[in-house]
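A short write-up of the structure that comes next.
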Amino acid sequence: MKVIVSKFGGSSVKDAAAMRRCAEIVKSNESIGVVILSATHNTTNQLERMAHLAMDKKCDESIELLYAIKERHYQIAKELDADNCAYKLIDEILLEGESLIRGIYLLKEISDRAMDRLYSIGERMSSALFAGVLKNYLGREVVLVDARRIIKTNSDFNNAIPILSKIKERVGEYIVPHLKKNTVVVTQGFIGSNIEGATTTLGREGSDFSAALVAEALEAKEIQIWTDVAGIFSTDPRITADAFKFDQLQYDEASNMAHLGAKVLYPETLAPASRKDIPVYVGSSINPELDGTWIRSDIGTLPVLRAVAKTDDHILMTVTDNVGRPHRRFHKVLLDVLDRNNISYESFFGTTGGATILFAEKYQLSSDLIADIEREFSIVDQALVSRVSIIGNDLEREAGIISKIMSHLNEGGTNIFRFNGGSRFLSFYVSTDSAEDLLKKLHFIVISN
Ligand code: ADP
Ligand code: ASP
Ligand code: MG
């Protein structure tokens, strides 16, 4: 029994009209067996804000925000005539949220573990609501299954790593029996639980990954990612109107794009899909009739240049040695400091007597880490930078392509702090004010190549 796993992102379920469109999509395709929901638009950010308000002794303000979330869900439930069970579940989840907020307020601490429990409220409310809507909408049975029973993970709260063998077992136990009866299973993205049953999350934006994990365990026939754009574009269509949509991409191409900043897909999504060779369709829930993008293993000849993407908020730090160690020894000691602080840096550029480290995100640069580095080394420079990348295939295949890219950059006088790359991408680290401009220049090279 081969089914489709369909995932709806936050903006796809932001209000009654949006949710009705998603219900229509599910209704229109009998093969959809599992529906994975994100929290409604902005709810996850609001849950983070609520935790911080509670820490700042603004418990009442935090709880008011929680009730505003409940009201938003109630409003949709009313407009779409959800069944009573949805209201009851929303109320129960709300009470749990309230006690979590009071706990954070009393302890004046938000542990990653508590935050994951609080995060889970968003997905649990939206899925309870959507299941309640679908029950009155489809001619098929609908069941709500708690993803924490299925997506088993390790205990790295906020960024948990899934345990594939357990997920396979749980999918067999909690999803397959429903599918055999042609019942539609609605469940949450993003959330899971560790072996003791404590709630975990897969990382922000992780619902796409949840869909792929369930699809892998089911050996599904297709994964659908329904979002607010019509597919995957050559770059973020919000940055330039020149961005064009792809009919198809190969797994590695889409994966490189996602890792280098194309927010439309969570970076890990394509690994489970490609392991089982499951095609992934990315389409617009706003205009589902538009053709979206198919991601598959084999799509024929791949172009040398494909797309452009950008990420912000990296820290580039240059460090020198205080005691003149041989440079290999120096690099090893510095890498040990990073390891001790559990830092997975993005890139490490070693030079004689010095090194430049690129941190993936600025929050990694804690005062403890700086103190630890400064015990042995001197920090001579530190800058907030953006990374702009051009993504392609076998870049070395086309003679002169790299110098062509470089000469275009030279013409505009973009100040590049560092660059790195391989045969499938080149990344340039630049000041954040010049990043969009550089992205447009690189995009022009993609269009005109
Ligand atoms: P969802 O809530 O459905 O998960 P996201 O906000 O995570 O949606 O992803 C969709 C957004 O990704 C789009 O609104 C778009 O601005 C952004 N995006 C960035 N790069 C790309 C790209 N290359 N193609 C399409 N969308 C992109
Ligand atoms: N709701 C979560 C977030 O906003 C996960 C997701 O939407 O993919 O990060
Ligand atoms: Mg997303």
Highest to lowest packing among 336-348, 254-266, 169-181, scored as the average C-beta count within 10 Å: 254-266, 169-181, 336-348
Backbone HN-Hα couplings from phi across region 126-140 [Karplus 6.51/-1.76/1.60, Hz, Gly and Pro as x]: 5, 6, 4, 5, 5, 4, x, 6, 4, 4, 8, 10, 9, x, 10
Helix 432-448 vs. the chain, principal-axis angle (Cα, 0 to 90°, nearest 10): 90 degrees
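Counting alpha carbon pairs within less than 8 Å and at least 6 residues apart, what relative contact order, in whole percent, applies to region 309-394? Could the numbers behind the result be given before it?
Numbers: 133 pairs, mean separation 43.8, N = 86.
Rounded, it is 51 percent for region 309-394.
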Cα lying deepest toward the dipole's positive end in the chain, options 183, 37, 19, charges on Cβ: 183
Anchor residue 166: aspartates and glutamates whose Cα lies under 14 Å away (excluding residues fewer than 8 positions away in-chain): 196, 216
Greater than 20 Å apart at Cα, pairs in 245/441; 14/362; 108/362; 135/180; 14/78; 14/58: 14/362; 108/362; 14/58
The chain - percent relative contact order, Cα under 8 Å, separation 6 or more: 13 percent
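Size of the dipole of the chain about the Cα centre, Lys and Arg at +1 and Asp and Glu at -1 on the beta carbon, nothing else charged, in debye to 20?
700 debye
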Semi-axis lengths, Å, the chain, gyration tensor of Cα atoms, sqrt of 5 times eigenvalues: 39, 29, 20
Among 95, 150, 114 - extreme Cα towards positive end, dipole of region 57-154, charges at beta-carbon: 150
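Note down the magnitude of the dipole of region 282-334 about its Cα centre, charges +1 on Lys and Arg C-beta and -1 on Asp and Glu C-beta and zero elsewhere, to the nearest 20 debye.
It works out to roughly 620 debye.
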Cα-based radius of gyration of region 1-99 once divided by 2.2 N^0.38 Å, which approximates compact folds: 1.24
Order by protection proxy (mean Cβ within 10 Å, highest first), peptides 157-164, 88-95, 182-189: 182-189, 157-164, 88-95
5 angstrom amide H check on residue 163, placed H, neighbours 5+ away: 152, 153, 154
Relative contact order [Cα under 8 Å, 6+ residues apart], region 163-306, whole percent: 24 percent
Trypsin sites (Lys or Arg not before Pro) restricted to DSSP loop in region 104-152 with at most 12 other C-beta within 10 Å: 108
³J(HN,Hα), Karplus 6.51/-1.76/1.60, whole Hz, each residue of region 145-156, x for Gly, Pro: 10, 6, 4, 5, 7, 10, 7, 7, 9, 7, 9, 7
Whether region 306-449 is rounded, prolate or oblate, judged on the alpha carbon gyration tensor where a/c under 1.5 counts as rounded: prolate
Reciprocal of mean inverse Cα separation for region 212-263 (Kirkwood radius, Å): 12.5 Å
For region 60-107 and region 312-336, distance of Cα centres in Å: 49 Å
Region 347-388 and region 189-259: distance between their alpha carbon centers, rounded to Å: 30 Å
Two-decimal ratio, region 63-197, of alpha-carbon radius of gyration to 2.2 N^0.38 Å: 1.13
DSSP bridge pairs, the chain: antiparallel proportion in percent, nearest 5: 60 percent
Dipole magnitude (debye, nearest 20) for region 117-168, charges at Cβ of Lys, Arg, Asp, Glu: 160 debye
Under 15 Å from the Cα of residue 88 - aspartates and glutamates, other chains or at least 8 residues apart: 71, 96
Amide hydrogen neighbours beyond the local backbone of residue 347, cut-off 5 Å, H modeled: 358
Between helix 43-55 and the chain: long-axis angle, C-alpha atoms, 0 to 90°, nearest 10: 80 degrees
Sequence-distant residues sharing a close amide H with residue 224 (under 5 Å, placed H): 5, 6, 7, 281
Among 227, 356, 199: highest mean-square fluctuation, GNM of the chain, C-alpha pairs under 10 Å: 356
Karplus-derived HN-Hα couplings along region 160-170 (A = 6.51, B = -1.76, C = 1.60, θ = phi - 60°), whole Hz, x at Gly and Pro: 6, 9, x, 9, 4, 5, 5, 4, 4, 4, 5
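Read-outs: derived from the displayed coordinates by stated rules, not from any lab. Note that the structure is a prediction, hence the values are computed from the model and not measured. Cβ coordinates were reconstructed from backbone atoms using ideal geometry, including for glycine residues, and neighbour counts include every protein chain displayed.
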